[in-house]
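Here is the structure we will look at.
The values are calculated or read from the model by the stated rules, or taken from the named source; none is laboratory data. Fair warning: this is a prediction, and the values are worked out from it, not measured in the lab. As a convention, Cβ positions derive from the backbone with ideal geometry for all residues, glycine included, and neighbour counts pool all protein chains shown. These area figures cover heavy atoms from the full protein model, side chains too; ligands, DNA and RNA do not enter into them. Shrake-Rupley method; radii C 1.70, N 1.55, O 1.52, S 1.80 Å.
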Amino acid sequence: MEGHNVTDVCVNNYRSMCDTLDISGFLIQSPELIPTCILAGWIGYHAATTIISLKNARGYLAYSLTFAMFGTMMTDAMFNDCFLARHGNQHDWVHFMFMLVDLGLTSSVGLSFAWNGLVDIGWINENSRKTQVVTLWRNRFSQHQGMLVSYLGLFGSWAYAIDTSRWGAFLYLYIGVVGLSGLIYCVTEITFKIRSRSWDGMGWVLVAFLTGAIGLAGVAVPSFDLLLCHTFGCHFGGNFLWFVLTDVAMWSCYKFYMATLSSRTVSPNPPTQSVEMAYYPVVYVAVPTEPIM
(Lines give C-alpha, C1' and ligand atoms only; values in the text may rest on other atoms or scores of the structure.)
Protein backbone atom coordinates (compact mmCIF):
# COMPACT_ATOMS: atom_id res chain seq x y z
CA MET A 1 0.00 0.00 0.00
CA GLU A 2 1.24 3.49 -0.78
CA GLY A 3 2.50 5.56 2.11
CA HIS A 4 3.23 2.57 4.33
CA ASN A 5 6.40 0.56 4.56
CA VAL A 6 6.60 -3.22 4.86
CA THR A 7 6.78 -3.10 8.65
CA ASP A 8 3.49 -1.19 8.84
CA VAL A 9 1.79 -3.76 6.61
CA CYS A 10 2.99 -6.65 8.73
CA VAL A 11 2.40 -5.44 12.27
CA ASN A 12 -0.84 -3.46 12.30
CA ASN A 13 -4.30 -3.26 10.76
CA TYR A 14 -2.84 -2.49 7.36
CA ARG A 15 -1.94 -6.15 7.05
CA SER A 16 -5.60 -7.13 7.02
CA MET A 17 -6.28 -4.47 4.40
CA CYS A 18 -3.33 -5.64 2.33
CA ASP A 19 -4.48 -9.26 2.45
CA THR A 20 -7.98 -8.54 1.13
CA LEU A 21 -9.23 -9.12 -2.39
CA ASP A 22 -11.98 -6.81 -3.67
CA ILE A 23 -14.16 -8.30 -6.41
CA SER A 24 -16.74 -5.71 -7.45
CA GLY A 25 -17.30 -4.74 -3.84
CA PHE A 26 -17.28 -8.28 -2.45
CA LEU A 27 -14.33 -8.55 -0.05
CA ILE A 28 -12.44 -11.80 0.37
CA GLN A 29 -10.03 -11.99 3.28
CA SER A 30 -6.83 -13.99 2.75
CA PRO A 31 -7.74 -15.28 -0.74
CA GLU A 32 -4.47 -17.25 -0.87
CA LEU A 33 -5.97 -19.69 1.64
CA ILE A 34 -8.80 -20.79 -0.66
CA PRO A 35 -6.76 -23.27 -2.78
CA THR A 36 -5.25 -24.81 0.34
CA CYS A 37 -8.74 -25.31 1.81
CA ILE A 38 -10.06 -26.92 -1.38
CA LEU A 39 -7.08 -29.26 -1.49
CA ALA A 40 -7.54 -30.07 2.21
CA GLY A 41 -11.19 -30.91 1.66
CA TRP A 42 -10.24 -33.37 -1.06
CA ILE A 43 -7.48 -34.94 1.06
CA GLY A 44 -9.79 -35.31 4.03
CA TYR A 45 -12.75 -36.87 2.26
CA HIS A 46 -10.62 -39.01 -0.07
CA ALA A 47 -8.65 -40.45 2.84
CA ALA A 48 -11.77 -40.94 4.98
CA THR A 49 -13.70 -42.82 2.30
CA THR A 50 -10.69 -44.97 1.46
CA ILE A 51 -9.80 -45.92 5.03
CA ILE A 52 -13.37 -46.58 6.19
CA SER A 53 -13.59 -49.36 3.58
CA LEU A 54 -10.65 -51.22 5.13
CA LYS A 55 -12.75 -53.10 7.68
CA ASN A 56 -9.98 -55.50 8.71
CA ALA A 57 -7.34 -52.82 9.32
CA ARG A 58 -6.62 -51.64 12.84
CA GLY A 59 -7.64 -48.03 13.36
CA TYR A 60 -9.91 -47.75 10.34
CA LEU A 61 -12.68 -46.11 12.40
CA ALA A 62 -10.44 -43.68 14.29
CA TYR A 63 -8.43 -42.60 11.26
CA SER A 64 -11.42 -42.24 8.94
CA LEU A 65 -13.09 -40.01 11.53
CA THR A 66 -9.94 -37.89 11.78
CA PHE A 67 -9.80 -37.29 8.05
CA ALA A 68 -13.54 -36.64 7.77
CA MET A 69 -13.25 -34.01 10.51
CA PHE A 70 -10.24 -32.50 8.73
CA GLY A 71 -12.07 -32.18 5.41
CA THR A 72 -15.06 -30.59 7.12
CA MET A 73 -12.88 -28.26 9.18
CA MET A 74 -10.96 -26.89 6.21
CA THR A 75 -14.11 -26.44 4.15
CA ASP A 76 -15.61 -24.47 7.03
CA ALA A 77 -12.37 -22.50 7.43
CA MET A 78 -12.59 -21.34 3.83
CA PHE A 79 -15.90 -19.66 4.61
CA ASN A 80 -14.97 -18.48 8.09
CA ASP A 81 -11.54 -17.06 7.26
CA CYS A 82 -12.09 -15.90 3.69
CA PHE A 83 -15.72 -15.27 2.67
CA LEU A 84 -17.32 -14.19 5.95
CA ALA A 85 -14.41 -12.40 7.62
CA ARG A 86 -15.20 -8.99 6.11
CA HIS A 87 -18.98 -9.24 5.93
CA GLY A 88 -21.88 -8.93 8.35
CA ASN A 89 -21.89 -8.67 12.10
CA GLN A 90 -18.91 -10.64 13.39
CA HIS A 91 -20.81 -11.35 16.61
CA ASP A 92 -24.02 -12.81 15.15
CA TRP A 93 -24.93 -16.49 15.39
CA VAL A 94 -23.84 -17.27 11.81
CA HIS A 95 -20.28 -16.11 12.41
CA PHE A 96 -20.35 -17.76 15.83
CA MET A 97 -21.26 -21.16 14.39
CA PHE A 98 -18.72 -21.02 11.56
CA MET A 99 -15.99 -20.01 14.00
CA LEU A 100 -17.03 -22.70 16.49
CA VAL A 101 -16.91 -25.44 13.86
CA ASP A 102 -13.54 -24.17 12.62
CA LEU A 103 -11.87 -24.00 16.01
CA GLY A 104 -13.66 -26.97 17.55
CA LEU A 105 -12.73 -29.28 14.70
CA THR A 106 -9.16 -27.97 14.60
CA SER A 107 -8.65 -29.00 18.21
CA SER A 108 -10.56 -32.25 17.70
CA VAL A 109 -8.49 -33.24 14.68
CA GLY A 110 -5.34 -32.53 16.65
CA LEU A 111 -6.52 -34.56 19.63
CA SER A 112 -7.70 -37.39 17.40
CA PHE A 113 -4.12 -38.08 16.39
CA ALA A 114 -3.28 -38.84 19.99
CA TRP A 115 -6.19 -41.30 19.99
CA ASN A 116 -5.01 -42.75 16.67
CA GLY A 117 -1.57 -43.40 18.09
CA LEU A 118 -3.08 -45.15 21.11
CA VAL A 119 -5.18 -47.29 18.78
CA ASP A 120 -2.07 -48.28 16.84
CA ILE A 121 -0.19 -49.47 19.92
CA GLY A 122 -3.23 -51.33 21.21
CA TRP A 123 -4.23 -49.14 24.15
CA ILE A 124 -7.58 -48.54 22.46
CA ASN A 125 -9.11 -51.62 20.87
CA GLU A 126 -11.51 -51.27 17.98
CA ASN A 127 -13.31 -54.56 18.28
CA SER A 128 -16.65 -53.70 16.75
CA ARG A 129 -18.24 -51.55 14.11
CA LYS A 130 -20.12 -49.50 16.69
CA THR A 131 -19.12 -45.88 16.46
CA GLN A 132 -18.32 -43.47 19.24
CA VAL A 133 -21.83 -42.01 18.97
CA VAL A 134 -23.58 -45.36 19.36
CA THR A 135 -21.57 -46.50 22.38
CA LEU A 136 -22.30 -43.23 24.17
CA TRP A 137 -25.72 -44.57 25.12
CA ARG A 138 -24.43 -47.66 26.88
CA ASN A 139 -24.53 -47.79 30.67
CA ARG A 140 -20.83 -48.40 31.09
CA PHE A 141 -18.08 -45.99 30.08
CA SER A 142 -15.89 -47.26 27.25
CA GLN A 143 -12.79 -46.08 25.42
CA HIS A 144 -14.87 -45.04 22.42
CA GLN A 145 -17.02 -42.89 24.66
CA GLY A 146 -13.88 -41.20 25.95
CA MET A 147 -13.00 -40.17 22.41
CA LEU A 148 -16.42 -38.67 21.77
CA VAL A 149 -16.61 -36.93 25.14
CA SER A 150 -13.18 -35.37 24.56
CA TYR A 151 -14.37 -33.87 21.26
CA LEU A 152 -17.57 -32.58 22.84
CA GLY A 153 -15.51 -31.10 25.66
CA LEU A 154 -13.35 -29.20 23.20
CA PHE A 155 -16.41 -27.82 21.41
CA GLY A 156 -17.95 -26.78 24.71
CA SER A 157 -14.74 -25.06 25.78
CA TRP A 158 -14.48 -23.20 22.51
CA ALA A 159 -18.12 -22.14 22.64
CA TYR A 160 -17.51 -20.61 26.07
CA ALA A 161 -14.26 -18.95 24.95
CA ILE A 162 -15.84 -17.42 21.84
CA ASP A 163 -18.95 -16.26 23.67
CA THR A 164 -16.94 -14.59 26.44
CA SER A 165 -14.10 -13.40 24.16
CA ARG A 166 -11.52 -15.29 26.19
CA TRP A 167 -8.99 -15.51 23.39
CA GLY A 168 -6.28 -16.60 25.77
CA ALA A 169 -7.85 -20.05 25.34
CA PHE A 170 -6.21 -20.14 21.91
CA LEU A 171 -2.90 -20.95 23.61
CA TYR A 172 -4.31 -24.02 25.36
CA LEU A 173 -7.16 -25.30 23.19
CA TYR A 174 -5.40 -24.71 19.87
CA ILE A 175 -1.62 -24.57 20.22
CA GLY A 176 -1.46 -26.78 23.30
CA VAL A 177 -3.87 -29.50 22.17
CA VAL A 178 -2.55 -29.73 18.61
CA GLY A 179 1.11 -29.58 19.60
CA LEU A 180 0.93 -32.10 22.44
CA SER A 181 -1.26 -34.51 20.47
CA GLY A 182 1.14 -34.37 17.54
CA LEU A 183 4.01 -35.26 19.84
CA ILE A 184 2.06 -38.17 21.34
CA TYR A 185 1.24 -39.43 17.86
CA CYS A 186 4.89 -39.36 16.79
CA VAL A 187 6.02 -41.25 19.91
CA THR A 188 3.28 -43.87 19.66
CA GLU A 189 3.97 -44.48 15.98
CA ILE A 190 7.66 -45.06 16.69
CA THR A 191 6.53 -47.57 19.32
CA PHE A 192 4.12 -49.11 16.80
CA LYS A 193 6.90 -49.57 14.24
CA ILE A 194 9.29 -51.06 16.80
CA ARG A 195 6.66 -53.61 17.84
CA SER A 196 5.86 -54.51 14.25
CA ARG A 197 9.60 -54.88 13.50
CA SER A 198 9.19 -52.93 10.31
CA TRP A 199 10.07 -49.35 9.49
CA ASP A 200 7.99 -49.19 6.33
CA GLY A 201 6.25 -45.84 6.07
CA MET A 202 8.13 -44.26 8.98
CA GLY A 203 9.42 -41.54 6.70
CA TRP A 204 5.85 -40.34 6.21
CA VAL A 205 5.43 -39.94 9.98
CA LEU A 206 8.60 -37.87 10.21
CA VAL A 207 7.47 -35.65 7.32
CA ALA A 208 4.07 -35.19 8.97
CA PHE A 209 5.62 -34.33 12.32
CA LEU A 210 8.16 -31.85 10.93
CA THR A 211 5.76 -30.08 8.57
CA GLY A 212 3.09 -29.95 11.27
CA ALA A 213 5.52 -28.52 13.81
CA ILE A 214 6.85 -25.86 11.41
CA GLY A 215 3.34 -24.92 10.30
CA LEU A 216 2.10 -24.65 13.87
CA ALA A 217 5.03 -22.37 14.66
CA GLY A 218 3.73 -20.04 11.95
CA VAL A 219 0.65 -19.26 14.04
CA ALA A 220 2.14 -19.84 17.49
CA VAL A 221 5.35 -17.76 17.25
CA PRO A 222 4.65 -14.09 16.37
CA SER A 223 8.27 -13.35 15.46
CA PHE A 224 8.28 -16.21 12.93
CA ASP A 225 5.03 -14.96 11.41
CA LEU A 226 6.52 -11.45 11.19
CA LEU A 227 9.65 -12.79 9.51
CA LEU A 228 7.59 -14.57 6.89
CA CYS A 229 5.51 -11.47 6.24
CA HIS A 230 8.60 -9.29 5.85
CA THR A 231 10.20 -11.83 3.54
CA PHE A 232 7.32 -12.90 1.34
CA GLY A 233 4.69 -10.19 1.80
CA CYS A 234 1.40 -9.86 3.61
CA HIS A 235 -0.26 -12.75 1.73
CA PHE A 236 2.28 -15.37 2.76
CA GLY A 237 2.72 -15.13 6.50
CA GLY A 238 2.44 -17.72 9.22
CA ASN A 239 -1.24 -18.48 8.61
CA PHE A 240 -0.61 -19.35 4.96
CA LEU A 241 2.34 -21.54 5.93
CA TRP A 242 0.17 -23.32 8.51
CA PHE A 243 -2.54 -24.08 5.96
CA VAL A 244 -0.09 -25.35 3.34
CA LEU A 245 1.94 -27.51 5.69
CA THR A 246 -1.21 -28.88 7.31
CA ASP A 247 -2.17 -30.29 3.92
CA VAL A 248 1.29 -31.82 3.57
CA ALA A 249 1.15 -33.30 7.07
CA MET A 250 -2.31 -34.81 6.61
CA TRP A 251 -1.42 -36.31 3.24
CA SER A 252 1.70 -37.80 4.83
CA CYS A 253 -0.40 -39.34 7.60
CA TYR A 254 -2.69 -40.87 5.00
CA LYS A 255 0.27 -42.29 3.08
CA PHE A 256 1.68 -43.67 6.33
CA TYR A 257 -1.57 -45.46 7.13
CA MET A 258 -1.72 -47.02 3.67
CA ALA A 259 1.97 -47.99 3.81
CA THR A 260 1.45 -49.88 7.07
CA LEU A 261 -1.61 -51.91 6.12
CA SER A 262 0.34 -55.16 6.39
CA SER A 263 1.00 -54.37 10.07
CA ARG A 264 -2.59 -53.32 10.68
CA THR A 265 -4.51 -56.21 9.16
CA VAL A 266 -6.36 -58.19 11.76
CA SER A 267 -8.24 -61.42 11.30
CA PRO A 268 -11.96 -60.88 10.83
CA ASN A 269 -14.29 -62.41 13.34
CA PRO A 270 -14.31 -66.15 12.71
CA PRO A 271 -17.55 -67.32 11.19
CA THR A 272 -19.92 -69.11 13.44
CA GLN A 273 -19.54 -72.82 12.83
CA SER A 274 -22.73 -74.38 11.69
CA VAL A 275 -23.90 -77.56 13.31
CA GLU A 276 -23.86 -80.30 10.72
CA MET A 277 -26.55 -82.92 11.02
CA ALA A 278 -25.30 -86.47 10.90
CA TYR A 279 -27.38 -88.74 8.77
CA TYR A 280 -27.38 -92.45 9.39
CA PRO A 281 -28.88 -95.21 7.30
CA VAL A 282 -32.38 -96.09 8.32
CA VAL A 283 -32.94 -99.69 9.25
CA TYR A 284 -36.48 -100.96 8.96
CA VAL A 285 -37.40 -103.79 11.31
CA ALA A 286 -40.48 -105.89 10.73
CA VAL A 287 -42.62 -105.86 13.82
CA PRO A 288 -45.08 -108.79 14.12
CA THR A 289 -48.66 -107.79 14.56
CA GLU A 290 -49.57 -110.96 16.41
CA PRO A 291 -48.18 -111.74 19.82
CA ILE A 292 -45.48 -114.38 19.86
CA MET A 293 -46.52 -117.40 21.81
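Evaluate segment 112-121: report whether one residue or more is part of a loop (DSSP other than H, G, I, E, B), over 15 Å from the mean Cα position of the chain (by Cα) and more than 30 Å from Asp163 (Cα to Cα). The answer is yes; a qualifying residue exists. With respect to Leu261, is the statement that it is over 30 Å from Leu21 (Cβ atoms), modelled with pLDDT of 95 or more and hydrophobic (A, V, I, L, M, F, W, C) true? So Leu261 fails the test. Here Phe256 qualifies as at pLDDT 55 or above and either part of a helix (DSSP H, G or I) or under 19 Å from Ile43 (Cα atoms) (or both). Going through (1) within 19 Å of Arg264 (Cβ to Cβ); (2) surrounded by 19 or more Cβ atoms within 10 Å (Cβ to Cβ); (3) acidic (Asp, Glu) one by one, Asp200 falls short only on (2). Each residue in segment 218-244 was checked for being part of a helix (DSSP H, G or I) and open to solvent by 30 Å² or more (accessible area, probe 1.4 Å), and 15 of them qualify. Close Cβ contacts (under 8 Å, 6 or more residues apart or on different chains) running from residues in segment 205-221 that are over 26 Å from Thr191 (Cα atoms) to residues that are of a type in the set (Gly, Ala, Ser) and in a helix (DSSP H, G or I) comprise Gly218/Gly238; Val219/Gly238; Ala220/Gly179; Val221/Gly238.
Taking first residues from segment 50-66 that are closer than 14 Å to Val119 by Cβ and partners that are among the hydroxyl-bearing types (Ser, Thr, Tyr) and crowded, with 17+ Cβ neighbours inside 10 Å, the Cβ contacts under 6 Å between residues at least 6 apart in sequence or on separate chains come to Ile51/Tyr60; Ile51/Tyr63; Ile51/Ser64; Leu54/Tyr60; Tyr63/Tyr257; Thr66/Ser112.
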